[in-house]
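Engineer: What follows is a structure written as structure tokens; I'll ask about it next.
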Amino acid sequence: MVKIMTDLSADLSKAQAEEYGISVLPFYINYLDESILADLDYTPEMFYEKFKSSEELPATSQATPGILEDMYRDFGNEDPIIHITIPANSSGIVNTAINVSTRLNEEEGFDITVVDSSMYSMGTGVNVIEAAKMAKDGASKDEIISFLKNRFEKDKVYFIVDDLKYLQKGGRIKATTMVVSKVLDIKPILWSNEGMVEAFAKVKGLKKAISKMVDIVEENIDDPENSTVYVIHADAEDKAELTAEMIRNRVSPKNIQLSKVGPIITCHAGVGVFGIYFKHK
């Protein structure tokens, strides 16, 4: 059976990872006074409190090649492994994974494929779970990779942040977006384009920005009667609930699921970020 692996940026819970047999690579979170190897036991709520009390913004760094190799070896070389990663423009772990997997493939008979998700949070996590379900149902490596590439090409995560300074600090947002947001109470709706955060739309005021985000769902969702819309947030439940209610009233999808943004994405987007993910046409 194909083995599925991802990293902490996919925002899976420990229960989800265990239920579907998904291995999750940790990340380091570096504070002024300590460095934590954050895994699935380091919950979003634990991070939010630490983030808000920190004098300086925390930063993230990738797990060591040794940690990554050990996780590949835990799977063994009898079955194919698909490692679904954070975007390459956001972390060096992608290149590390390619280097380690290539060596193990060539020297020790492993069959590891690294797939760049190009997305964040549940945009990655939902499809990691689907890949794991496909693996349990007996799908081949090529079938799962084809599914993932199709979803990662079509789908996007759209989100709004409280303050763009966190993305600016990490160099993950275009300078033009920063300039626009500082005038006239503009709230840009952001998305990830090959790992670089860009403005998808520019709207004046928060409520209008949320309404515009719901427009995006209405215009792009595939088969809403049978689809789930994921509303994600980092300690912004009020905004997430408002967004969910507007989606419920205007789109009427089969399900709306609220999900917390985990430590890795919150590190770069800040507490207060919220957004949406859904299957695109």
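Engineer: Scan segment 102-121 residue by residue and report those that are out of contact with any helix residue (DSSP H, G or I) (no Cβ under 7 Å at 6 or more places or on another chain) and assigned to a helix (DSSP H, G or I). Lay out the reasoning, then the answer.
Structural biologist: Pass one, segment 102-121, residues out of contact with any helix residue (DSSP H, G or I) (no Cβ under 7 Å at 6 or more places or on another chain): 102-103, 105-109.
Once the filter is applied, which keeps residues that are out of contact with any helix residue (DSSP H, G or I) (no Cβ under 7 Å at 6 or more places or on another chain) and assigned to a helix (DSSP H, G or I), segment 102-121 yields THR102, ARG103, ASN105, GLU106, GLU107, GLU108.
Engineer: All but one of (1) of a type in the set (Ser, Thr, Tyr); (2) touching a strand residue (DSSP E or B) at 6+ places or on another chain (Cβ under 6 Å); (3) modelled with pLDDT under 95 hold for THR113; which doesn't?
Structural biologist: Single failed check for THR113: (3).
Engineer: Still on this model: In segment 71-96, which residues are free of Cβ contacts under 8 Å to residues at least 40 places away in the same chain and in contact with a Phe, Trp or Tyr (Cβ under 9 Å, 6 or more places away or on another chain)? Please lay out each step first, then the result.
Structural biologist: In the first step, residues of segment 71-96 are kept if they are free of Cβ contacts under 8 Å to residues at least 40 places away in the same chain; the result is 73, 76-78, 92, 94-96.
Selection gives ARG73, GLY76, ASN77.
Engineer: Please identify the pairs in which a residue from segment 121-137 that is on the phi > 0 side of the Ramachandran plot and touching a residue at least 40 places away in the same chain (Cβ under 8 Å) has its Cβ atom under 8 Å from the Cβ atom of a residue that is among the aliphatic types (A, V, I, L, M) and part of a loop (DSSP other than H, G, I, E, B), counting only partners at least 6 apart or on another chain.
Structural biologist: Partner pairs satisfying both residue conditions: SER121/VAL261.
Engineer: Please work out if GLU19 is in a loop (DSSP other than H, G, I, E, B) and out of contact with any helix residue (DSSP H, G or I) (no Cβ under 8 Å at 6 or more places or on another chain).
Structural biologist: No.
Engineer: Given the criteria at negative phi, in contact with a strand residue (DSSP E or B) (Cβ under 7 Å, 6 or more places away or on another chain) and not small (Gly, Ala, Ser), does PHE75 qualify? Can you show your working first?
Structural biologist: Values: at negative phi: yes; in contact with a strand residue (DSSP E or B) (Cβ under 7 Å, 6 or more places away or on another chain): yes; not small (Gly, Ala, Ser): yes.
Spelling it out, PHE75 is indeed at negative phi, in contact with a strand residue (DSSP E or B) (Cβ under 7 Å, 6 or more places away or on another chain) and not small (Gly, Ala, Ser).
The values are calculated or read from the model by the stated rules, or taken from the named source; none is laboratory data. Values in this document were obtained by computation on a predicted structure and should not be read as measured data. With ideal geometry, Cβ positions are generated from the backbone for all residues, glycine too; neighbour counts draw on all protein chains shown.
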